[in-house]
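The block underneath contains the structure these notes are about, expressed in structure tokens.
Where a number appears in this text, it was derived from the coordinates with a stated rule and is not lab data. No experiment lies behind these values; they were computed from the predicted model shown. So basically every Cβ, Gly included, is an ideal-geometry build from the backbone, and we count neighbours across all protein chains shown.
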Amino acid sequence: MSIKPVDLSRVRDLPLLASASEESLSLIGQGGFLQWTPKGAELVAEGEVNDFLYILLDGAVELEGTWGDRDTTLAVLRPLSSFVLASVVLEAPALMTARTLSRSQLLMIPGELFRRVAREDQGVSIAVIEELSGCYSGLVRTIKSHKLRAPLVRLANYLLVQQQRQGGGSVLRLPLQKRMLASLLGMTPENLSRSFAALAEYGVKVDGPLVTIARPAMLARLARPDPLIDNPLPVAGALMGQAGRERAAHVEGHA
């Protein structure tokens, strides 16, 4: 078997495969494999058809889109996340590049094998529907935030979401480099810096990756969080309901 029996228990715990039959798991165990990948490795190239479905077990992956000479961060994935699922199901070119941000462990399942399992195993097919529905819902939240909110308000909501995800204390740590955070929020690095400076009057102090929110009520009045856009629920590790809490709101730390 490509996947050792001792590792099959981990595979069984993955949301996408939790309801898979023993026969399906056996096929995946024979045809799939686990791989550790170094930081900076390109896993998927935008515009190419994928040979594998990827499930991130450990580490972090950036999804990036390009147009001409411009590029942007579309999402930062944490465990346990699948990616390029739509591309694999449709046998269509990937719409984004996937690259590791740190040393990462991935479960790789050949696309042809996964499509066969999804067709024949009702538990897996339902999980695929839930996964793609969660991605769609999270994407709608992100589009609403970008189209309806000014950059300063997007940043304010991002900080409030991160504060809740990190325990609700007055000090939080930005999980991303500021350049990547700016791209994720649809801002330039310069606009992000100006927005952080503007939030000082709302009690926000920035010291490198550490952010202190001294007046959360004032910041919340600016942000006006909306449950139909914002999703403060924890994303790391746990098997989450509601299609992975709408695929962890589609992007790292965003709604």
Query raised in the report: To the nearest 20 debye, what is the magnitude of the charge dipole of segment 5-120 about its Cα centre, counting +1 on the Cβ of each Lys and Arg and -1 on the Cβ of each Asp and Glu?
Result: 280
Report summary line: The helix 111-120 Cα axis meets the longest alpha-carbon principal axis of the chain at an angle in degrees, between 0 and 90 and rounded to 10, of 80
Query raised in the report: Hey, what did segment 148-232 get for relative contact order, percent, Cα under 8 Å, at least 6 apart?
Result: 38
Query raised in the report: What are the ³J(HN,Hα) values, in whole Hz, obtained from phi via the Karplus relation 6.51 cos²θ - 1.76 cosθ + 1.60 with θ = phi - 60°, for each residue of segment 15-29 in sequence order, with x given for Gly and Pro?
Result: x, 5, 10, 4, 9, 5, 6, 4, 5, 5, 5, 5, 5, 5, x
Query raised in the report: Suppose every K and R has +1 on its Cβ and every D and E has -1 on its Cβ; what is the size of the dipole of the chain about the Cα centre, in Debye to the nearest 20?
Result: 1160
Report summary line: In whole Hz, the Karplus estimates of ³J(HN,Hα) for segment 69-86 (6.51, -1.76, 1.60; θ = phi - 60°; x where Gly or Pro) are 9, 10, 9, 8, 7, 8, 6, 10, 9, 10, x, 9, 10, 9, 8, 6, 5, 4
Report task. Within 10 Å, count the other beta carbons around each residue, average over each peptide in 7-15, 153-161, 128-136, 207-215, and list them highest first. Result -> 153-161, 128-136, 7-15, 207-215
**Report entry** Estimated vicinal HN-Hα couplings, Hz - segment 201-210 in sequence order (Karplus 6.51, -1.76, 1.60; Gly, Pro = x)
**Finding:** 6, 9, x, 9, 10, 10, 9, x, x, 8
Query - Check: segment 148-232 dipole with +1 on Lys, Arg Cβ and -1 on Asp, Glu Cβ, in debye - result: 20
Requested in this report: With an 8 Å cut-off on Cα pairs and a minimum separation of 6 or more residues, tell me the relative contact order of the chain in percent.
Outcome: 22
Query raised in the report: One-quarter of the Cα convex hull surface for segment 5-120, in nm²?
Result: 7.0
Query raised in the report: How long are the three semi-axes of the equivalent ellipsoid for segment 148-232, computed from the Cα gyration tensor as the root of 5 times each eigenvalue, in whole Å, largest first?
Result: 17, 15, 13
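If packing is taken as the mean number of other Cβ atoms within 10 Å per residue, what is the order of 83-89, 164-170, 97-103, highest first?
In decreasing order of mean packing, 83-89, 164-170, 97-103 become 83-89, 97-103, 164-170.
Given contacts defined as C-alpha pairs under 8 Å and at least six residues apart, what's the relative contact order of segment 5-120, whole-number percent?
37
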Report summary line: Taking the chain and counting helices only, DSSP H stretches of n ≥ 4 at -39,500 (n - 2.57) each over all residues, the nearest-500 ellipticity at 222 nm comes to -13000 deg cm²/dmol
Query raised in the report: Once you list every other residue whose beta carbon is under 14 Å from the beta carbon of residue 88, what net charge do they have if Lys and Arg are +1 and Asp and Glu are -1?
Result: -2
Report summary line: Total charge of the residues flanking residue 118 in space, meaning their Cβ is under 13 Å from its Cβ, with Lys and Arg +1 and Asp and Glu -1, is -3
Query - C-alpha center-to-center spacing [segment 1-63, segment 167-230] in angstrom - result: 34
